[in-house]
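Single-structure report; data block below.
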Amino acid sequence: MKVSEKIKKKIKEEGLSWIPTSIKNHSYIWLNRRYFNHYKKVLPIQDNLIVLESQGDLSDNAWALYEYMKNNGYLEKYHVIWLVDNLVEARRNHWPNTEFLEKNIEGKPNAHWAKALATCKWFIYDHCGMIAPFVKRPEQQVIYLSHGCGYKASKGGDPTSNPTRDDMVTVTGPLAADYMSEFWSEPIEKMKITGYPRLDYFFKDNDGVAKKINDRWHFDTYKKVIYWMPTFRQSVAKQISEDYINNQTGLPIFETEDSLKHFSDYLKKHDLLMVFKLHHLQASLPVFKKHFDNILIVHDEDLRDMGIQLYQFIPFADVMISDYSSITVDYLLLDRPMIFTLDDYEQYEKSRGLYPKNAIDYMKGYHVYSQEELQNSLTEIISGVDKYKNERHNIMSKYHTYVDGNSSARVLKLIGVEKD
């Protein structure tokens, strides 16, 4: 849709009240761009300055990389600036050689923000990328740590729409490199197989995290703990798009409160706990305000308040249920059973698209299309059967070149961030 058409549509839907705010915001963006270009001309690159950004403040791959630096002496040499949404909350942390700047520049001029981006040697991000609308300096490195490799096909788009392109994209293995290259319309040469920093948590001692989890949710009292982390479906098909929530749960397989109640009864009978880690729009649905004895809804805020990163939390799942999400590729490293809910596979493939084209063949686990099939799969798993173990092993090397927990170290070495 052209810009003029978007403006006409917005005026039709919202009237003219938004125009003064829009003009002001665009003026600030223009001013911040002027700041950025000025600092590029008059200030040198700071060879020890790293700017980090994550979706969700201080989280995901960017946080895991930073934490590795913090715990291994890198901050004695390097200065880190975090771009965050909640500046007040972030500034409660006092880490060496670390400062925080507000990420959002639409509502105000911010010379400090522009100076940081114009003079940093490295800009490292895992989802959004605030430097993208600006033309970086040749000496700067823009590193995209990636948000994960799942099965969703690219929506397309113009890869030249952002003046600043990534210098490097981290991936986990050869198939992931092909996927990310096609997804972002970037040359395969930019895809660097290092592993994701967040996956290093799978190889670390989790005793402190385990205590927090068991003190609050008592995972250790159940026979098995199952996580369900579904894709938030985005598609042109109404039934599986962002406005697809026309059932009570917004989930595949389970469409009603009664079906969840029956499932909770099944879980209770077998001494199982189901942990739903849902998209916030799904988690806010009325049905998830109800109590189900053996179903637990975990929100991002719950983990944040406990000081737990998502990828520190994932290893406590004995079984993973998902669909087209990158979590199933990451979970391969834990070598545990997986269940794929695929009741909308054909619709999803036609509307959003999947990668590879025969994506279903790469999903090594139970393929279920109904509540009965899901429960039968769980019953088999808890009896000790792991019939897809060999298939997982066979696919592992396509997605994961490294199985060692040293991804952060590889990323830093590759981009030239060294302690000595």
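The values are calculated or read from the model by the stated rules, or taken from the named source; none is laboratory data. Please read these numbers as outputs of a predicted model, since none were measured by experiment. Every residue, glycine as well, gets a Cβ built from its backbone with ideal geometry; the counts of neighbours run over all protein chains shown. Just the protein is used for accessible areas: all its heavy atoms, side chains included, with ligands, DNA and RNA removed. Shrake-Rupley method; radii C 1.70, N 1.55, O 1.52, S 1.80 Å.
So if each residue of separation counts as 0.36 nm, and I subtract the Cα-Cα distance between ASN97 and CYS128, what length gain in nm does that give? Write down the numbers at each step before the final one.
On the way: separation 31, 0.36 × 31 = 11.16 nm, distance 2.39 nm.
In short, 8.8 nm is gained.
How much area per residue is accessible in the stretch 273-373 when the probe is 1.4 Å and only protein heavy atoms are counted (Å²)? Provide the component values of the computation, followed by the final result.
Details: 3930 Å² over 101 residues.
That works out to 39 Å² per residue.
From Cα pairs below 8 angstrom and at least 6 apart in sequence, can you work out the relative contact order of the chain, rounded to a whole percent?
Details: 668 pairs, mean separation 69.3, N = 420.
Taking the mean separation of contacting Cα pairs over the length of the chain, I get 17 percent.
Pull up all non-local amide H partners of LYS224: gap of 5 or more, or a different chain, and H-to-H distance under 5 Å with H placed in the peptide plane.
Here LEU273 satisfy the definition.
Work out, step by step, the length gained on full extension between ARG216 and LYS192: first 0.36 nm times the residue separation, then minus their alpha carbon distance; give nm to one decimal.
Details: separation 24, 0.36 × 24 = 8.64 nm, distance 3.92 nm.
Extra length available between ARG216 and LYS192 comes to 4.7 nm.
For labels at VAL88 and ASN71 in the simple 7 Å Cα→Cβ model, what's the distance in nm?
Placing both labels 7 Å beyond Cα along the Cβ direction yields 3.1 nm.
Per 5 Å bin from zero, what fraction in whole % of the C-alpha pairs of the stretch 241-379 is there, up to the bin with the longest pair?
Percent of Cα pairs in each bin: 2, 8, 17, 22, 22, 19, 8, 2, 0.
Can you give me the solvent accessible area of VAL135 with a 1.4 Å probe, rounded to the nearest 10 Å²?
Roughly 80 Å² of VAL135 is accessible to a 1.4 Å probe.
How compact and how long is the chain, expressed as Rg and Dmax of its alpha-carbon atoms in Å?
22.7, 69
Report in % the part of the accessible area of the stretch 289-332 that belongs to carbon and sulfur, leaving out ligands and nucleic acids; probe 1.4 Å. List each step's numbers first, then the result.
Values: 670 of 1550 Å².
For the stretch 289-332, the apolar C and S fraction of the accessible surface comes to 43 percent.
For the stretch 67-83, what does the Karplus curve 6.51 cos²θ - 1.76 cosθ + 1.60, with θ = phi - 60°, yield as ³J(HN,Hα) per residue in whole Hz, taken in order and with x for Gly and Pro?
4, 4, 4, 5, 7, 10, x, 5, 6, 6, 10, 10, 9, 10, 10, 8, 8
In the stretch 365-415, carbon and sulfur make up what percent of the accessible area (probe 1.4 Å)?
46 percent
Taking the chain as the reference, fit the longest principal axis to its C-alpha atoms, fit the long axis of helix 389-399 to the helix C-alpha atoms, and give the angle between the two in degrees, 0 to 90, nearest 10.
On a 0 to 90 degree scale, this one is about 10.
Strictly over 28 Å apart at the Cα level, which of LYS204/LYS289; LYS212/LYS269; LYS269/LYS290; LYS103/LYS136; LYS357/LYS413; LYS223/LYS364 would you flag in this model? Don't skip to the end; give the middle numbers.
Values: LYS204/LYS289 34 Å; LYS212/LYS269 26 Å; LYS269/LYS290 20 Å; LYS103/LYS136 17 Å; LYS357/LYS413 34 Å; LYS223/LYS364 24 Å.
From LYS204/LYS289; LYS212/LYS269; LYS269/LYS290; LYS103/LYS136; LYS357/LYS413; LYS223/LYS364, over 28 Å: LYS204/LYS289; LYS357/LYS413.
Between ARG34 and THR379, what is the label-to-label distance in nm when each label sits 7 Å out along the Cα-to-Cβ direction?
Taking the simple label geometry, ARG34 and THR379 are separated by 7.1 nm.
Which of SER407, LEU52, SER322 sits farthest toward the positive end of the charge dipole of the chain, with +1 on the Cβ of Lys and Arg and -1 on the Cβ of Asp and Glu?
The residue sitting farthest along the positive end of the dipole is LEU52.
Using a Förster distance of 41 angstrom, determine the FRET efficiency expected from the C-beta separation of HIS262 and ASP300, and round it to 0.05. Display every interim value, and only then the final one.
Numbers: r = 28 Å, r/R0 = 0.68.
That pair, HIS262 with ASP300, gives E of 0.90.
Leaving out ligands, DNA and RNA, what percent of the accessible area of the stretch 41-136 is carbon and sulfur, probe 1.4 Å?
Details: 1960 of 4070 Å².
In the stretch 41-136, the share of accessible area belonging to carbon and sulfur is 48 percent.
What residue among GLY73, GLY148, GLY405 shows peak mean-square fluctuation when the chain is described by a Gaussian network model with Cα springs under 10 Å?
Among GLY73, GLY148, GLY405, the largest GNM mean-square fluctuation belongs to GLY73.
Have a look at the stretch 162-213 and give its Rg and Dmax from the Cα atoms, expressed in angstrom.
Just the Cα atoms of the stretch 162-213 yield Rg and Dmax of 15.5, 47 Å.
Could you compute the net charge surrounding VAL298? Neighbours are other residues with a C-beta less than 12 Å from the C-beta of VAL298; K and R count +1, D and E count -1. Intermediate results must be reported in sequence, preceding the final value.
Numbers: positive: ARG216, LYS277, ARG304; negative: ASP300, GLU301, ASP302, ASP305.
Net local charge, VAL298 excluded: -1.
With the cut-off at 1.5 for a/c, could you classify the stretch 321-400 from its C-alpha gyration tensor as rounded, prolate or oblate? Before the final figure, lay out each step's value.
On the way: a/c = 2.30, a/b = 1.15, b/c = 2.00.
It is oblate, given that a/c is not under 1.5 and a/b is not larger than b/c.
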